[in-house]
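Engineer: Let me give you the structure first, and then I'll get to my questions.
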Amino acid sequence: MKIDHVLWKEAIYIHLLNNDDENCVNQHTECRLGKWYYQGEGRKFAGSEAFRRLEEPHKLVHQSGRLALAANMAGDQDAVVKYIQQMEQASVDVIKYIDALHN
């Protein structure tokens, strides 16, 4: 799951470089981690606090990434930096909770 998460973030940076809009990336329920969390094997961890805490930062990673792309399209580089920072901070929490599930 961690590799899929990192690859999703990498795609945001590539889309920024290509000046793509926010519609080119999927929602938090559509990525591999989201499918694992909402529909797949992740459900077996539903009783875990780490599992419950994973949802919000995962949503924020997607939301912030999409907002960064929208800000880039609008030419607002200050907002791009702000949203990328939010995405990266939320990503730290995502990784922390994924690690907690597997320890």
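Coordinate-derived values only; no laboratory data. What you are looking at is a predicted structure, and each value in this text was computed from that prediction instead of being measured. Here the Cβ is made from the backbone with ideal geometry for all residues, glycine too, and neighbour counts use every protein chain on show.
Engineer: Rounded to the nearest 20 Debye, what is the dipole magnitude of segment 3-75 about its Cα centre when Lys and Arg each give +1 and Asp and Glu each give -1 at the C-beta?
Structural biologist: With only Lys, Arg, Asp and Glu charged at Cβ, the dipole is about 300 debye.
Engineer: Still on this model: Looking at A50, L17, V94, which one has the Cα that reaches farthest to the positive end of the dipole of the chain (charges on Cβ: Lys, Arg +1; Asp, Glu -1)?
Structural biologist: Most positive-ward Cα: A50.
Engineer: Output needed: percent of Cα pairs per 5 Å distance bin for segment 2-101, bins running from 0 to the one holding the longest distance.
Structural biologist: Spelled out per bin, shortest first, that is 3, 14, 25, 24, 15, 10, 6, 3, 0.
Engineer: Taking only pairs that are 8 or more places apart or on different chains, how many Lys pairs in the chain have Cα atoms under 14 angstrom apart?
Structural biologist: The number of close lysine pairs in the chain is 5.
Engineer: What is the list of residues in segment 9-27 whose amide nitrogen lies under 14 Å from a point 7 angstrom out from the Cα of D76, following Cα to Cβ?
Structural biologist: Answer for this model: 22.
Engineer: Need one number: nm distance between label points at E10 and Q85, each 7 Å from Cα along Cα→Cβ, rounded to one decimal.
Structural biologist: That separation, rounded to one decimal, is 2.6 nm.
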